[in-house]
1. Please determine, by comparing only the residues of region B:40-76 that are among the acidic types (Asp, Glu) and surrounded by 13 or more Cβ atoms within 10 Å (Cβ to Cβ), which one is nearest to B:Ile14 (Cα to Cα).
2. Scan region A:138-152 for residues that are over 16 Å from A:Gly202 (Cβ atoms) and either of a type outside the set (Asp, Glu) or open to solvent by less than 10 Å² (accessible area, probe 1.4 Å) (or both) and jot them down.
3. Say we look at region A:119-137 and pick out the residues that are open to solvent by less than 10 Å² (accessible area, probe 1.4 Å) and outside any loop (DSSP other than H, G, I, E, B); which of these is nearest to the other protein chains (Cβ to nearest Cβ)?
4. Which one of these is farther than 30 Å from A:Gln329 by Cβ and in contact (Cβ under 8 Å) with a residue 40 or more places away in the chain: A:Gly271, A:Gly292?
5. Residues to consider are A:Val230, A:Val249, A:Val200; find the one that is out of contact with any strand residue (DSSP E or B) (no Cβ under 9 Å at 6 or more places or on another chain) and surrounded by fewer than 20 Cβ atoms within 10 Å (Cβ to Cβ).
6. Quick check on A:Glu125: is it assigned by TED's automatic domain parsing to the domain that holds A:Glu89 and either over 28 Å from B:Gln77 (Cα atoms) or of a type in the set (Gly, Ala, Ser) (or both)?
7. Can you tell me which residue among A:Asn183, A:Asn194, A:Asn140 is in a loop (DSSP other than H, G, I, E, B), in contact with a Phe, Trp or Tyr (Cβ under 8 Å, 6 or more places away or on another chain) and within 13 Å of another protein chain (Cβ to nearest Cβ)?
8. Return a yes/no flag: does region B:59-73 have any residue that is within 14 Å of chain A (Cβ to nearest Cβ) and touching a Cys at 6+ places or on another chain (Cβ under 7 Å).
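The values are calculated or read from the model by the stated rules, or taken from the named source; none is laboratory data. Only a predicted model underlies this, so the values are computations on that prediction, with no experimental measurement involved. Using ideal geometry, Cβ is built from the backbone for each residue, glycine included, and neighbour counts are taken over all protein chains shown. For the accessible areas, the whole protein counts, side chains as well, though only heavy atoms, and no ligand, DNA or RNA atoms are used. Shrake-Rupley method; radii C 1.70, N 1.55, O 1.52, S 1.80 Å.
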Amino acid sequence: MTALRVEATHPVFCTIIPPHLLDRLAQSDDEARAGRARRTLERDAAQRIRRREAAPPAATEPAAEEKPNRTIYDAGKVETLPGTKVRGEGDEAVKDASVNRAYAGLGSTFELFLKGFERNSIDGEGLALDATVHYGQEYNNAFWDGHQMVFGDGDGEIFNDFTTSLDVIGHELAHGVTQYTANLDYQGQAGALNESVSDVFGSLVKQYALGQTAEEADWLIGADLLAGAVEGKALRSMKAPGTAYDDDVLGKDPQPGSMDGYVDTTEDNGGVHINSGIPNRAFYEVATAIGGKAWERAGQIWYDVLTGGKLAKDANFAAFAQLTVAAAQKRYGKDSKELAAVQKGWSEVGVTPADEAGSPEADTTPCE
Amino acid sequence: MRIQVKRTGGFAGITRRAEVDTSGRPDAAEWHALAEEAAAEGRGEPPAGVPDGFRYEITLDGERTVRCADPRIGAAQRKLITRVLKEGA
């Protein structure tokens with residue numbers, strides 16, 4: 001790598017794939033690989049404006065406890081975790097774009113939590129960030145296994161490589177943050193909140209990396225994930241749940257954007273990826289009503305709730321909403337526009353904050 | 001033998017169902033052996049699973065259902081699920 005330079009005053013952690021390497025990949029004989037590299041090049045162009053590559057150990061090295069400790073593994077298309085180590089912290093980029101995207105994505109996520117919320121990694125204590133790529137054959141999924149992130153390659157027909165969307169990487173790591181904080185159940189409304197928190201912080205990771213305001217952000221989850229032939233723009237839309245895709249194979253985006261459309265189901269742990277549309281849109285409404293960079297205030301309120309110790313594991317939407325109201329008032333005051341935005345945001349999606357956090361008389365549809 | 005697979009959850013939260021009827025198939029015996037092996041690896045209770053992980057239900061002849069979830073699923077289950085989702089209707 002020849003493009004390294006030291007940024008003395010602002011240590012940064014996210015390394016991007018050297019453009020020359022991506023250029024080479026983009027001209028690869030392997031069409032699939034070339035296509036992916038080209039897409040990455042296009043997308044990374046915007047991010048490159050903001051990011052700088054920090055040199056490895058230098059005199060200006062930040063305190064050790066404030067640096068990410070990333071390790072990327074390659075599962076070699078089987079389902080054994082973690083796989084073979086292919087890139088460690090500070091190592092140069094490798095030829096495999098999935099590895100480099102995962103590495104950069106972990107760095108971007110670490111950076112948002114550190115700079116945005118003064119949180120040192122997932123557990124707040126500098127936890128090592130591990131990720132495995134190339135999990136399984138044409139595996140159409142990514143997940144957090146309780147210890148690390150796991151990414152499939154996608155089948156190329158419906159889904160692309162799951163490392164292609166930065167918000168997906170942020171989403172998975174945010175599951176880790178939730179696990180170490182409120183530890184929301186992965187069932188029913190608590191599960192939908194768990195999912196929504198991951199979408200919120202996943203989207204914020206992307207917005208932070210791109211330097212976007214709430215107005216500029218696309219509020220899409222997995223915008224780079226759908227393969228070319230799929231009719232859709234992403235997997236989920238926080239701005240307009242239910243509108244992300246409408247496709248012959250995938251079906252139509254089933255997410256509701258308000259309690260009117262709450263889906264009662266036993267599948268997917270009580271529709272955790274469906275009903276998350278409701279708190280997702282609440283966050284969008286709050287962030288755009290406040291304006292500016294979404295992680296600075298709306299994100300701070302959500303983060304305060306997640307880490308404040310009052311959010312019950314089995315919290316429902318109304319209990320969560322009440323805690324965001326309390327957090328906004330505590331941080332910004334009872335006459336603040338932040339508090340007004342939070343109250344209006346939940347009202348927009350038909351959730352009435354519980355009188356007391358965890359109150360069973362929540363004005364929301366009970367699940368199962 | 002009718003082998004049904006239902007996959008729920010996943011990052012996308014999209015449910016997929018597929019079914020293979022082995023009657024009349026030249027490779028029926030192979031399917032049956034794989035199905036029995038997969039059933040033996042499973043259990044009736046839904047497993048805990050992990051965030052965004054796929055959950056699977058394998059049902060044989062509409063009578064026996066076993067459940068499993070990524071990433072801890074048996075080798076025969078993985079093979080059967082992959083084949084049914086790929087070849088099934």
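1. Filtering region B:40-76 for residues among the acidic types (Asp, Glu) gives B:41, B:45, B:52, B:57, B:61, B:63, B:70.
With the extra rule that they be surrounded by 13 or more Cβ atoms within 10 Å (Cβ to Cβ), the set shrinks to B:41, B:52, B:57, B:70.
Values: B:Glu41: 25, B:Asp52: 11, B:Glu57: 14, B:Asp70: 15 Å.
The extreme case among them is B:Asp52.
2. Taking region A:138-152 and keeping what is over 16 Å from A:Gly202 (Cβ atoms), we get A:138-140, A:145-148, A:152.
Passing the criteria: A:Tyr139, A:Asn140, A:Gly146, A:His147, A:Gln148, A:Gly152.
3. Ranking the qualifying residues of region A:119-137, first place goes to A:Thr132.
4. On the way: A:Gly292 fails: farther than 30 Å from A:Gln329 by Cβ.
Criteria check complete, one pass: A:Gly271.
5. On the way: A:Val230 fails: out of contact with any strand residue (DSSP E or B) (no Cβ under 9 Å at 6 or more places or on another chain); A:Val200 fails: surrounded by fewer than 20 Cβ atoms within 10 Å (Cβ to Cβ).
Exactly one of A:Val230, A:Val249, A:Val200 is out of contact with any strand residue (DSSP E or B) (no Cβ under 9 Å at 6 or more places or on another chain) and surrounded by fewer than 20 Cβ atoms within 10 Å (Cβ to Cβ), namely A:Val249.
6. On the way: assigned by TED's automatic domain parsing to the domain that holds A:Glu89: yes; either over 28 Å from B:Gln77 (Cα atoms) or of a type in the set (Gly, Ala, Ser) (or both): yes.
Taking the combined requirement at face value, the residue satisfies it.
7. Values: A:Asn183 fails: in contact with a Phe, Trp or Tyr (Cβ under 8 Å, 6 or more places away or on another chain); A:Asn194 fails: in a loop (DSSP other than H, G, I, E, B).
Residue meeting the stated conditions: A:Asn140.
8. Initially, region B:59-73 is screened for residues within 14 Å of chain A (Cβ to nearest Cβ), giving B:65, B:67-73.
Subset that is touching a Cys at 6+ places or on another chain (Cβ under 7 Å): none.
Looking for residues that are within 14 Å of chain A (Cβ to nearest Cβ) and touching a Cys at 6+ places or on another chain (Cβ under 7 Å), one finds none in region B:59-73, hence no.
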